[in-house]
Amino acid sequence: MRIEYKMDNRQKEIENLKDYKYGFSTDIENTKAPKGLNEDVIKFISNIKKEPQWMLEFRLKAFERFKQLKEPDWQKPKYPKIDYQDLYYYSAPKSMKDKPKNLDELDPKLLETYKKLGIPLQEQARLNGIAVDAVFDSVSVATTFREELSKLGIIFCPISEAIQNHPELVKKYLGSVIPTTDHFFATLNSAVFTDGSFAYIPEGVRCPMELSTYFRINASNTGQFERTLIVADKGSYVSYLEGCTAPMRDENQLHAANVELIALDDAEIKYSTVQNWYPGDKDGKGGIYNFVTKRGLCKGKNSKISWTQVETGSAITWKYPSCILKGDNSVGEFYSIAITNNHQKADTGTKMIHLGKNTKSKIISKGISAGFSDMTYRGLVDISSKASNSNNYTQCDSLLMGNKCGAHTVPYIKNKNSESNIAHEATTSKISEEQLHYCQQRGLNAEEAVGLIVNGFCKEVLQQLPMEFAVEAQKLVGISLEGSVG
Amino acid sequence: MKEQLQKDFDNIVKNLNLSQKDIEIKQFYLDNFINKGFPNKREEDWKFSDLNQIIKKDIGELSFYSDYTYTNKVDTSVFVDGLEHNKLVFINGRIEKIDFDYEQKDKIEIIDQSESINKLDNNSLSDLNNAFTNKSFKILVKDGYQLAKPLIIYHTTNSKIWSKNINLRLEFELDKNSSLRLIDLFNDTSEKNFLNIFYNFDLKENSVLKNYKVDKLENKNIKYSFNNIEQDKDSISETFILSAGSNFFKNEINCNLNGKYSSAFVNGIFSLNDNKHHEIRTIINHLTENTKSYQLIKSVLENSSKAAYQGKIYVNSEAQKTDGYQLSKAILLNKESEFNAKPELEIYADDVKCSHGSASGNLNEDSIFYLMSRGLNYQQSRELLINGFLLDVVEKITDSEIKNLIKNLIGIKE
C-alpha cells in the first residue's frame, strides 16, 4: 500500500514525466575526479577514500590487466564505442566531503531526492523494516538501521568504510569470486570502483530484515562503478534487495558494477534486483548501459544462492548473474523477468557451474519484448565430471508483442557427468487472441488485459520477490509495457 | 602447412586442363583458406569441436594432393543387398560410377559442373573445398519426375590413401513436383583421412527430398559434411543422420525455407563409443509465412565419447505462423562421456509457435528395475531401453524400405 500512496502523492511531479517517473535530476554540487582513465585517477579515487596501500595495489593490478584487455563484441545488442577517456570515474555530492555523522546532517537535497524516489532514509520510516544503503553517483550517502544490525554482529555499511574498519574481511573476500583477472568490464570495475555495499552475516545469524541498496546515477557523463560484497558465514541467512534509477539524459551512461556473493556452509543468500534505470526515450535516445557482473560462490556445503531479477530499465542490459556451486549439496537458483520496450535491448541470463556433488540448480527466465526491442536469453549450464548426482532444470519462456521486436534464446548446455541430469525447455509465443478476448469480454480494456496476462506469465518469478518488491515489480511490469498494445 | 598446401595445389592444377581464370579463382580460395586455417574453438560454430586440434591430434600432417589419373576398381561387395537402387560411387574421392539404371533416362540430367564454385560462404572449409575439388556434378531431376528407386551414394575409401584430405561437392536440383530419395553410405577401410563434403540442394515447388546419411562402419577418419537446402513453395525436405562410425564427424544442415508452406524435418542419432567425437549443427531459417520445421536428435554415448548438438531456429519478421520444434535428448552411459548442446532460437515475428527442449542424463534406474523384475537381465533391460530410445527417431523416417534398411544397420529388432 505504501507504494500506491506514494504514487498519488507524486502525481503532480511526475505528470510531465509520464514514461519514466524517476527521470528528474537533482541539482547538487559535485566533487569530480578529472575526466579520463589513468593511474592518476585511480590514485585520486584511492586517496580521496583514504584507502590503505593494499587496496590501491589491488586497483592498480586490475588496471594493468585492463589495459591489455579488448572490449568484448560477441553480445547481441551492439552499441557505439564507449570512449573510456571521456568519462568521469568519480563524482560525489560536495556535502559528502566530510561525511555526515547522522542523517540529520545529510544534505536536505539528497534526502529530498530519495524521498521522491520513495526510499525512506529517515529511520522514522522504520515500519518498512528494510535497512537501506543509498548510493548516489559514486558514493554511499546513507546507511540505515546500522546500530540495530550491529547488535547481532551483522556488518552492513558502505564498502569504503568496510575497507577502513574491517580490512581482514574485505581483504579475504574481495576479488575471490570476481578476480582482478576477469573480463573487460569486471576488471574496469576492480580498478575504479568507488563505493557500494558491504554485508557480513556472522555464523548462525538469520538477518531479521531485508538489506537493501539503492543506486542512483545523478551526475551526467559519469560512469557508475560500484562494488557489492556479501558474505554469509556458516548457517546464516540474508535477503538482499537492490534498486536502481537514473535521470533522463540524452547521452548514454555506463553502469558497470560488480557484485560478489559468498555463502559458506549451510548459509543462504537471496539477492533480488528491480532494475529500473532510465531506458532511453521512445526513439532509443539516451539511457543507461547496464553492464554488470554478478557472481555468487556457494563455497560451503549445503549453501544456497538465489538470484531474482526484474529487468525493466536500461537502454542495454548485458548481464549474467551466476552461481558457482562448489560446495557439495549446494543449490543455485535464478529467477528472471526481463522486459524490453521501444528500442531497449537486453542480453541476459545466467551461468550455473556445477563443481560439487549433489548440486542442484534451477533457472526460470521470462522474457517479454515489445516495440522495436530485442531480447536475448543466454545461459550456461555446465556440469563438470566431478559433480555427480547433480541436477539442473531450465525453463525460458518468451513473449513477443508485435513483429518489430525479437526474442532469442541461446542456452549452452554441457553435461560431463553421466550421473547428472539436465533438462531444458524453451518456448516463444505471443499472447493468444482467446485470452485477450476472454479478458476484454469481462470488462477489461486491451491494455489492462495484456497487463493481467503478462503478470500471470511472470507469476513464477514475481512470487520469489520479497513482499516489498513484489508490489512494485508488478506495477513496473505494467508500466513498462504501456503503449505497446494496439 | 602453408608450403605443403601450395605445393599440393600446384601439383593438382598441373594435371587439370584449367583456364588461367579458373586457376586464379581456385588460388583465391586457397589463399583464403591459408589465411584462416582449419576452424578452431575460438569460432562460435566450432565451440564444441575444435577441428584444428582434432586434425593435429588424430592425423598430424595432412596431404592435400590426390592423384585422380588412375581408376579404382569398384568393389561390388559393398553394395546394399535386398534394395534395388541407383548408384553413385566415390572411391577415395574420385567418382567411379554413376548409374541410374532404374530410371527414365530423359528425366534425369547429369551436368558436369567442375568449373563452378560453391557460393556458400560458410567457413574456411568451403574455401578448402573450392580450392581442391576437381570434379563436381549437378544432378537434375526434371519436372514431375519421381525416381522409382532410391539413389545410394557410396563414399568408399581404402587403404591406398593415408593422411589425405579429400574434397567432394555435389549439387542436386529437384524441379517442380519431383522427388528424390538419397542415401549417403560411408564405407571406410582407410584411416586418418579428412573428408570435406559439400552438398547443395535446390528444391523447387512441391518437390520432395528424402536425405539419409549413414555413417555406421567403424573407421578412423575425420569427416565434415555441409548440406545446404533451398526450399521453394510446398516443398518438403527430410534429413536423417546416423552418426556413429567415424572418429570425428560433423554434419551441418542449413535449410532455407523460402517458399510458403515448405517444411523441413531433421532427425538424427548419435550412437558413439570409445573416444569418438561427433557433432550435428542445424540452422533452419524460416523466411516466409506458414513454414514448418521439426528436429529430433537423440544420443547414446558410451566410454569417453562426446556428442554436440547445435541447433538454431531463425524466424524473420515476415515469417508469421511459423511452427518450429526442436528436441535433443542424450543418454550418458559412462562417467567419461559428454554431451553438449546449444539449442538456439532467434525470433523476430510474433505470431509463431517455437519451442525447444534438451535433456541429458543416465538411463533411468527405475525402468531397469521394472524390466529386471519381469525377468530380463541387466544387459537385456539396458539394450531394450536404449533401442526404444533410438527407435523413436528411426520411426520418423517416412520411407518404409529405407527405414527397414536402417533398422537392420543399427540392429534394432521390433
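Of note:
- Qualifying residues in the stretch A:406-432 (those that are of a type in the set (S, T, N, Q) and assigned to a strand (DSSP E or B)) - the one surrounded by the fewest Cβ atoms within 10 Å (Cβ to Cβ): A:T427
- Lone unmet requirement of (1) more than 7 Å from chain B (Cβ to nearest Cβ); (2) in a strand (DSSP E or B); (3) of a type in the set (S, T, N, Q); (4) under 22 Å from B:V315 (Cβ atoms) for A:Q435: (2)
- Number of positions in the stretch A:299-334 that are in contact with a helix residue (DSSP H, G or I) (Cβ under 9 Å, 6 or more places away or on another chain) and either hydrophobic (A, V, I, L, M, F, W, C) or under 17 Å from A:K270 (Cβ atoms) (or both): 4
A quick yes/no check of all residues on (1) in a strand (DSSP E or B); (2) among the hydrophobic types (A, V, I, L, M, F, W, C):
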position: B:N177; (1), (2): no, no
position: B:K192; (1), (2): yes, no
position: B:F198; (1), (2): yes, yes
position: B:D202; (1), (2): yes, no
position: B:K210; (1), (2): yes, no
position: B:K213; (1), (2): yes, no
position: B:Y224; (1), (2): yes, no
position: B:N228; (1), (2): yes, no
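- Hey, A:S336 surrounded by 22 or more Cβ atoms within 10 Å (Cβ to Cβ), hydroxyl-bearing (S, T, Y) and in contact (Cβ under 8 Å) with a residue 60 or more places away in the chain or not: yes
Table: residues versus (1) over 23 Å from A:H408 (Cβ atoms); (2) surrounded by 24 or more Cβ atoms within 10 Å (Cβ to Cβ); (3) of a type in the set (D, E, K, R); (4) touching a Lys or Arg at 6+ places or on another chain (Cβ under 9 Å).
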position	(1), (2), (3), (4)
A:L264	yes, no, no, yes
A:P279	no, yes, no, no
A:C323	no, yes, no, yes
A:S330	yes, yes, no, yes
A:M352	no, yes, no, yes
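- Index of the failed condition, A:N403 passing every other in (1) facing chain B (nearest Cβ under 10 Å); (2) within 18 Å of B:S328 (Cβ to Cβ): (2)
- If you check A:L399, A:L380 for being over 20 Å from B:F48 (Cβ atoms) and in a strand (DSSP E or B), only one passes: A:L399.
- When the stretch B:287-303 is filtered for residues that are closer than 20 Å to B:E344 by Cβ and under 19 Å from the mean Cα position of the chain (by Cα), the ones remaining, listed by number, are B:S293, B:Y294, B:Q295, B:L296, B:I297, B:K298, B:S299.
- Each residue in the stretch A:433-471 was checked for being surrounded by 20 or more Cβ atoms within 10 Å (Cβ to Cβ) and farther than 30 Å from B:Q326 by Cβ, and 4 of them qualify.
- Flag if A:D347 is surrounded by 18 or more Cβ atoms within 10 Å (Cβ to Cβ), touching a Lys or Arg at 6+ places or on another chain (Cβ under 8 Å), at the interface with chain B (Cβ under 9 Å from one of its Cβ atoms) and among the acidic types (D, E): no
- Taken together, A:S388, A:S384 contain a single residue that is more than 7 Å from chain B (Cβ to nearest Cβ), at pLDDT 90 or above, under 17 Å from A:L325 (Cα atoms) and within 29 Å of the chain's Cα centre (by Cα), which is A:S384.
- The stretch A:243-259, residues that are surrounded by fewer than 24 Cβ atoms within 10 Å (Cβ to Cβ) and either at pLDDT 90 or above or acidic (D, E) (or both): A:D250, A:E251
- Residue pairs meeting the criteria (Cβ under 6 Å; at least 6 apart or on separate chains; first of a type in the set (S, T, Y), in the stretch B:163-178; second modelled with pLDDT of 90 or more): B:S178/B:V141; B:S178/B:Y145; B:S178/B:S207
- Long-range neighbours under 8 Å by Cβ, at least six apart or interchain, first residue farther than 11 Å from B:R281 by Cα within the stretch B:304-317, second among the β-branched types (V, I, T) and assigned to a loop (DSSP other than H, G, I, E, B): B:V315/B:T322; B:V315/B:V352
- Matching residues in the stretch A:285-302 - criterion: being more than 20 Å from the chain's Cα centre (by Cα) and either closer than 23 Å to A:E251 by Cα or without any contact (Cβ under 8 Å) to a residue 24 or more places away in the chain (or both): A:K285
- Residues of the stretch B:319-334 satisfying the condition of being in a strand (DSSP E or B) and of a type in the set (S, T, N, Q): B:Q326, B:S328
- Qualifying position, being surrounded by 22 or more Cβ atoms within 10 Å (Cβ to Cβ) and either over 30 Å from B:N221 (Cα atoms) or more than 10 Å from every other protein chain (Cβ to nearest Cβ) (or both), among B:S317, B:S262: B:S262
- Criterion: out of contact with any helix residue (DSSP H, G or I) (no Cβ under 8 Å at 6 or more places or on another chain), farther than 30 Å from B:E401 by Cα and acidic (D, E) - qualifying residue of B:E43, B:E61: B:E43
- Within the stretch A:406-432, being more than 7 Å from chain B (Cβ to nearest Cβ) and without any contact (Cβ under 8 Å) to a residue 24 or more places away in the chain holds for one residue alone: A:S432.
- Tally, over the stretch A:149-168, of residues that are within 25 Å of A:G243 (Cβ to Cβ), outside any strand (DSSP E or B) and touching a residue at least 40 places away in the same chain (Cβ under 8 Å): 7
- Across the stretch B:1-53, the qualifying residues are those that are in a helix (DSSP H, G or I) and acidic (D, E), and the one among them that is surrounded by the most Cβ atoms within 10 Å (Cβ to Cβ) is B:D8.
The values are calculated or read from the model by the stated rules, or taken from the named source; none is laboratory data. Keep in mind the model is a prediction, meaning the values are calculated, not measured. Note that each Cβ is placed from the backbone with ideal geometry, even for glycine, and that neighbours are counted across all protein chains shown.
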